[in-house]
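A short worksheet on the structure shown next.
Only the coordinates and a few stated rules stand behind these numbers; no lab work does. The structure presented is a predicted model; accordingly, all values stated were derived computationally and were not measured. Here the Cβ positions follow ideal geometry from the backbone for every residue, glycine too, while neighbour counts run over all protein chains shown.
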There are 2 protein chains.
Amino acid sequence: MHISICFTPQDYLRQNFRDDHIAVVVDVLRASSSIIAAMANGCRQIVPVATLEDAQTRRRDYADALLAGERQAFPIPGFNLGNSPFEYSRTVVADKTIIMTTTNGTVALKAAAEAVNVYIGAFVNAAALCSKLAETKHDLVLLCAGTQGRFSLEDALCTGLIADRLSSNAKLSDTALAARAMYNDFCCGDFVKRIMESSHAAYLSKSGFADDVAFCLKTDIFEIVPEFSDGVITA
Amino acid sequence: MHISICFTPQDYLRQNFRDDHIAVVVDVLRASSSIIAAMANGCRQIVPVATLEDAQTRRRDYADALLAGERQAFPIPGFNLGNSPFEYSRTVVADKTIIMTTTNGTVALKAAAEAVNVYIGAFVNAAALCSKLAETKHDLVLLCAGTQGRFSLEDALCTGLIADRLSSNAKLSDTALAARAMYNDFCCGDFVKRIMESSHAAYLSKSGFADDVAFCLKTDIFEIVPEFSDGVITA
């Protein structure tokens, strides 16, 4: 298996990967983590969309769907859910369809849509994800959602963890060697405190979402690996 | 001082930095290292150009200039010099003008041309570069040349070293935090051996340039910090 990492969706699109790879979309803060939490709590399916208008339009297809998402990290007026994983409790999401629009995660999912499989990864499901990927014969592309087209430290670190755990049976690209190295260095210190220096974690923390950040940095707490296929995310 | 790192010239161009920053172009294997070696050996000036045709055209302006460069790492037929730092000895380059075309370094230099100052950095002049940069009031953008628009491990590690050395007086971007972390992790092991796993170092080594790679990974052996200004590199 060959493991590549793309630090932004633009990097992924520019590289024209052949379609016969598996893609993992990583948006640690917070779309991936919230999607995994929702699926672990019995959500039926999540429909990712790019814009607020798309969200309203798609609700016509799913009359009882919940609308979810954020803009500049904050909940969208009139929507049922924001982007905090704590909102996606069993009481709220069990058996529900959720139509979700997020700034970066949706862009990354759409970019990866042609891959053989598109999985959703984060720290919270890293072990389950690695178990699923360890058996594959396909090459693997780990795609960081980033922040508005730019590198995000927390996404890169999460792909570094995944690359590290799979590296005994894989050839790593330069980006994968780099992400693994940065993850290993961060592990030497106070992981959460060091990530708080990064721009998006600092922004979320300052905006009142420090508990979300701490939750999203927990490792291996969910067994669920959501998959994106035909425009819909299921468990 | 704020330190940002761009892992490719495309990242740099996409971010639309304000012009009031200092840029450092890093192409460890091998353009930056060869340019620094040439300047340390008394080269008068280097004129970077994009294409072979540009090189021939510019020679009309500099009748006694040497032509230098590479394609797929190999010397260009009819040119005086390839891209190995060992070729740029005092006997060959002292007081000479060199017209140089390289695959990645030239692209990065052209991208950064609007910055207040554009310096050439590599492992071989890292200490001298950091001394020069430590006093500046400007923000700093470290620009990795990469490989054909893609991330190169050795360039990122070199920017990580520079960010690490300047970090006591600087605010680091996410990319700078990441590069510093990967550099610190690589330093824990056999640095040269680990870099040999990267794609460009492996390719050069397989192509007969292993000595060049080892040379380009030496740290702090030259006191020279070349600067690119008005289309010309001088010491």
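Restricting the range B:34-121 to trypsin sites (Lys or Arg not before Pro) that sit in a DSSP loop and have at most 15 other Cβ atoms within 10 Å of their own Cβ leaves B:Arg60. Helix A:31-40 and the long axis of chain A differ in direction by around 70°, with both axes built from C-alpha atoms. Report summary: the helix-based calculation at 222 nm, which adds -39500 (n - 2.57) for every DSSP H run with n ≥ 4 and divides by the residues of chain A, gives -10500 deg cm²/dmol. Listed values for the range B:188-200 are Karplus-derived 3J(HN,Hα) couplings in whole Hz (6.51 cos²θ - 1.76 cosθ + 1.60, θ = phi - 60°), namely 5, x, 7, 3, 5, 4, 5, 5, 4, 6, 6, 5, 6, and x replaces Gly and Pro. Within the shell of other residues whose beta carbon sits under 14 angstrom from the beta carbon of B:Ser131, the net charge comes to -1, with Lys and Arg scored +1 and Asp and Glu -1. Which of the residue pairs A:Lys193/B:Lys132; A:Lys193/A:Lys218; A:Lys132/A:Lys171; B:Lys110/B:Lys137 have a Cα-Cα distance greater than 21 Å in the structure shown? Result: A:Lys193/B:Lys132; B:Lys110/B:Lys137 exceed 21 Å. Prolate is the label for the range A:1-97. Its Cα gyration tensor axes, ordered a ≥ b ≥ c, give a/c of at least 1.5 and a/b above b/c. By definition, a body whose alpha carbon gyration tensor gives a ≥ b ≥ c is oblate when a/c is 1.5 or more and a/b is not larger than b/c, and the range B:71-229 fits this oblate description. Sort the range A:40-124 into rounded, prolate or oblate with this rule: let a ≥ b ≥ c be the square roots of the eigenvalues of the Cα gyration tensor; rounded if a/c is under 1.5, and if a/c is not under 1.5, prolate when a/b is larger than b/c, oblate otherwise. Rounded.
For the range B:136-231, trypsin sites (Lys or Arg not before Pro) meeting the loop criterion (DSSP other than H, G, I, E, B) and having at most 15 other Cβ atoms within 10 Å: B:Lys137, B:Lys218.
3J(HN,Hα) along the range A:91-107, derived from phi through the Karplus expression 6.51 cos²θ - 1.76 cosθ + 1.60 where θ = phi - 60°, amounts to 4, 7, 10, 4, 6, 9, 8, 10, 9, 10, 10, 10, 5, 10, x, 5, 4 Hz, with x in place of Gly and Pro. 3J(HN,Hα) along the range B:73-78: 6, 9, x, 9, x, x Hz, from the Karplus curve 6.51 cos²θ - 1.76 cosθ + 1.60 with θ = phi - 60°, whole Hz, x for Gly and Pro. Reducing the range A:36-72 and the range B:70-149 to their Cα centroids gives an inter-centroid distance of 50 Å.
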